[in-house]
1. For the range B:100-123, give me the residue count where each residue is small (G, A, S) and modelled with pLDDT of 95 or more.
2. Would you check which residues across the range D:1-51 are over 29 Å from the mean Cα position of the chain (by Cα), aromatic (F, W, Y) and farther than 30 Å from B:P64 by Cα and list them?
3. Restricting the range B:481-527 to residues that are part of a helix (DSSP H, G or I) and among the aromatic types (F, W, Y), which is nearest to the other protein chains (Cβ to nearest Cβ)?
4. Give the number of residues within the range B:425-452 that are among the aliphatic types (A, V, I, L, M) and either over 21 Å from the mean Cα position of the chain (by Cα) or assigned to a loop (DSSP other than H, G, I, E, B) (or both).
5. For the range B:239-258, does any single residue satisfy the condition of being over 23 Å from B:F201 (Cα atoms) and acidic (D, E)?
6. So D:G106 passes all but one of these: (1) within 23 Å of B:T379 (Cα to Cα); (2) among the small types (G, A, S); (3) buried (at least 24 other Cβ atoms within 10 Å of the Cβ). Which condition number does it fail?
7. Is there a residue in the range A:145-163 that is surrounded by fewer than 12 Cβ atoms within 10 Å (Cβ to Cβ), on the phi < 0 side of the Ramachandran plot, within 27 Å of the chain's Cα centre (by Cα) and not in a loop (DSSP other than H, G, I, E, B)?
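The values are calculated or read from the model by the stated rules, or taken from the named source; none is laboratory data. This structure is a prediction, so every number in the text was calculated from the model and none was measured. Cβ sites come from the backbone with ideal geometry, for glycine too, and all protein chains shown count toward neighbours.
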Amino acid sequence: MHDAASGVVPYHAHQFDDAEQQYQTSTLGMWLFLGQEVLFFGAVFATYFYYFFLYPDAFEAASNHLSLTLGAFNTVVLIGSSLTMVFAVHAAQHGTKRAQMAWLVATMILGIVFLCVKAYEYTHKFHEGLVPGELFTYHGPDAPQHQLFLCLYFAMTGLHALHMIIGIGILAALVLLANRDWFNAGYYSPVEMTGLYWHFVDLVWIFLFPLLYLIGRH
Amino acid sequence: MTETVVHEAHDASVNYLNADYGVRSWLFTKDHKRIGLLYLASITVFFALGGLAALMIRLDLLTPAGDLVRDDTYNKLFTMHGVVMIFLFLIPSIPAVIGNFVLPLMIGARDLAFPRLNLASWYIFNIGALFAAWALLAGGIDTGWTFYTPYSTMSSNSNVLSGAFGAFITGFASILTGVNFIATIHRMRAPGLTWNRLPLFVWAMYATSIIFILGTPVIAITLLLMMIERAFHIGLFDPALGGDPILFQHLFWFYSHPAVYIMILPSMGVISEIITCFSRNRIFGYSFIAASSIAIALIGFLVWGHHMFVSGQSANASLIFSLLSFFVAIPSAIKVFNWTATLYRGSVRLQAPMVYALGFIGLFTIGGLTGLFLSTLATDVHLHDTYFVVAHFHYIMVGGALMGYLGAIHFWWPKMTGRLYNETLAKIAAIIVFVGFNLTFFPQFVLGFLGMPRRYHVYPDEFQVLNVFSTAGASILGIGYLLPVLYLIWSMRYGPKAEANHWGAVGLEWQTSSPPPTENFDHTPVVTSEPYDYREPVEVKKVA
Amino acid sequence: MSEQKDSTSVTGEQHSISVPTYLAVFGALMVLTAVTVVSAHIDLGHFNIVVALIIAVTKATLVVTYFMHLRYGTNMTRAVLISGVIAVFLLMGIAIDDLRNRHTRTYLPFIGALNGVRPPNAPLPPHPPEE
Amino acid sequence: MIGRFSLLPEQASTIAGQVDALYFFLVALSAFFSVLIAVAVIAFAIHFRQSKDRQVVPSGEGFLALEITWTVIPFILVMIIFGWGARIFVTMHTPPDDAMQVYVVGKQWMWKLQHVEGRREINELHIPVGRPVKLLMTSEDVIHSFYVPAFRVKQDAVPGRYTSMWFQADKVGEYHLFCAEFCGTQHARMIGRVVVMEPAEFQAWLSGTKGSGGDMVASGQALFEQLGCQSCHQGETGARGPALAGLFNKQVTLADGRTVVADDTYLRESILNPQAAVVAGYQPIMPTFKGLVSEEGLLELMTYIKSLPAPKTIPADATEPGKTHAMLPVHGGQG
């Protein structure tokens, strides 16, 4: 086994024959879960495209309710957090405990910054009376379609934010485990799996940003 | 034949049942066999709840005026029957009970890939099921299991939110089971067990898990959007605010049609196992049956529109969906022909599992062929939303999936509990179920062609005669389902002990003791021959 | 299908991606974000969303191949992702095609011809002579 | 007939015979294959039952030729069935041009029907035998489904848009009308009768006691004036709104360059959501009438608009903006 040289005996559960099989199986299991998440967000994107096809102009007009700068800033923050996550996984394999914890905490901080910006946008919508439902006070042209767009906006970014919160929770757990020297070259799959999940959440935002923020700018 | 001879287990008396005692050992078990039994207990409770609702409906339909219950109570009854039977019984039945128990044994693994995830799936299932059951019992839901908008979001004042939330949660239990099965089948097969030596039940579980992974999230989102629409009146599906109720139907049926394949594919896998064992014959057309399982799972995602031919969907889409629906009928036909051909020049023993299997073939054939009526455009316009549709999907789900499930329970019972049930009583129960089923649902085909719409609490007088036949059949069917519960529970305590390979079957799961040790095998078996190789009769090795 | 139990294939470490590659990918993602924001301000009519989606797909493939190590993953993991994406396209494609044809009663040509029916979205006959 | 037990439903429309022919072909096919499989299973089970002395030699893996035959034969059969079913479906979806128009509005737990000549009915539809009838349907609340088993026709009435269906009764009598899509507590009580009468008898019934209002065109014109539509749509040059005479089923070019056919849905959308499709050459100033006009009022307005005869001197494309054409506000003639 490759890690015999580094003197680290890889841990593997009783149902696996060796750590190699455990790593392969957990990677496949994570990708299956992400395949299901593709459909989970895919169904909401399908609803979005269905109504975008039905009301293209109304949706483009409604997209101007959202602030482009905050959206762009959030995109940069999230791609940054993907980078720090990649370094965290790298550190889990090769790096020291301190490096692992540093990169994990950096990822969490960027994630929290993203959520704060999101929270600010949501409260801004409340004040402007743009929250779909009874509080919707926008009475311009195509008001129902604007409400539909904003409902889809809240549904999609809400689901995405929920996934972010779960991700940050898992990262916090990893920081504690890293503190107890769990991860080394022989056993780092929890960090790698969380990395896959985090990159997927970033992937969803990469599609959300143009569809929600950029369609009305021309 | 497997090379390794099953020799003296280190201590034959210790198996997964008596390895550990106490409630904690069951509620926090990570053993796939125990989780299978936990699922068996949960879904049997819900089967009873759904069955009770069915009997109430049939009793109420005895008279054209529907004197047993009021209108809205009847609507709540058929919704309870639908939601409980589909989400809480049929979808988890074979994958979660038989699949959890038998799949690792069949591929020579010590457990599923992610045991903790498997236990989490049981807990998530129970939380969601309790939510749904509470919603159904405390006031009920009156939208039907399809939750069509705008009725479910605008004008129904029943517990739609909590019921839909319950169904939403149980969806994640299916997803976790799907992830577990695919990862296990891909990565944890015994040495020598290549893809074309996999038992056909494992192929069926693989196909079902594909649908679990790709289909279930879409129903989760559909129910979520419906709940948001109902809570905030935002106009997602509300036509007055620019929404489109037909989009809800698209999203709903994108999952719900593959879901009917989730219910029938596992039974097909079970039937392949039972037919080969009880006719002591190699399966006829192994690769065709395996390939048609995967084909059904994949083509199943293309055909959802045949539920919407008269819903205002464009005629062009209806034509496309009708054409594709015929493609999905072909693999099912191939399977039925291959099963029948497996009996040829075999040595057929008509024991209880085989009675269920032959009953399955008969009823599933009728169910499949009546499906052609509903994918043909012209006849579906007349037959849609009538009792013809009710009879069709009961022939598939009760005649097919449930017969397959009962056959599987009887076939693997000696392996699960190490006990034997009373053979003659089991055969009598199987025949009662077969007769009761036909008397219940065949008259409904005629009712459907006559034009009696489904979900009707009161109906014109000329339909009464056939409804009385149907109710009579339902009571026989009810008795038929009670019998197995009785004699199987009886056999747990008093049944004679079963040997390791009671039926003389060839699968890997029969190479270990009954009930198997917690680690399943003393050491991982090596597979050398192709599946269902019944060349020389397997002399049953005595274990301890 | 992937081989039975590929004890031969190495885990991800042997192919662990070097830090400079990660930084390069990060840089590319930043550039593409800027490009998509700029291109959104150019009025291309209905092509704006197409361009935005193309850029988003390229960013997504970058993240998936490098950050998520799919480049060195097994075929099965790629198959899972691709089948998920295909299923989403299936749902969107047929639902929107249904929406597009809802008011125009177009028929598959060979069916319409069988029946001598004029496909209604064919051009209307010239103005009928006054009765 | 209603109330008499029989195992076969009435055939009372031109399409019923064709649908039943296909239905019985499918019944025969299913019976054949079911019996074939059942007999094969029982015969094999008995003939090859387990007997102590016989040494079991399992059969081969499976014969490719046999597998191909029982794949190709079902495939050909189902393709035949598909073509046959699709052909009838297409005829079901193509109403003849001379069909008699009836408007149907589904409302929670009753059917409101209205003939163009003005007679209104609840849960009852009187139609002449031998004449095609075209229904234009919508719903005021949830999805309902207009289902007449004897005519073998069914179509959902979806709120927020129009769906249509047609049939031609060819047997006098009374037939069941059901609601087939679950719509709430009294879904089972939302039923009624379709009464097919001789043409003469039908005319007598139609012109008998006048329904609640005059004929639809007259009440449509009254609503047209009451809502002040003619202030913009009086058809003169320089009018603020496009001319409506002879507009129905004509190509209309919109402000954003798209051309659409001015069918029922276009008229309804233009009244309820005018900003969605503004005609080229006009300003989007038309207010929405959503909430001001009931479903029946909408149908009356549309009947009135459809009844405005196209003026004589119209060149090929009447809606070319800026085209001047003389148009006398003709009093609503027979639609």
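1. Adding up the residues that qualify gives 2.
2. Within the range D:1-51, D:F32, D:F33, D:F44, D:F48 meet the criteria.
3. Filtering the range B:481-527 for residues that are part of a helix (DSSP H, G or I) and among the aromatic types (F, W, Y), the one nearest to the other protein chains (Cβ to nearest Cβ) comes out as B:W510.
4. 7
5. Looking through the range B:239-258, at least one residue is over 23 Å from B:F201 (Cα atoms) and acidic (D, E).
6. For D:G106, the exception is condition (1).
7. Yes, because at least one residue in the range A:145-163 is surrounded by fewer than 12 Cβ atoms within 10 Å (Cβ to Cβ), on the phi < 0 side of the Ramachandran plot, within 27 Å of the chain's Cα centre (by Cα) and not in a loop (DSSP other than H, G, I, E, B).
Every residue, every condition in (1) away from chain D (no Cβ under 14 Å); (2) part of a helix (DSSP H, G or I); (3) of a type outside the set (A, V, I, L, M, F, W, C), yes or no:
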residue	(1), (2), (3)
B:T216	yes, yes, yes
B:I219	yes, yes, no
B:F237	no, no, no
B:M263	yes, yes, no
B:S293	yes, yes, yes
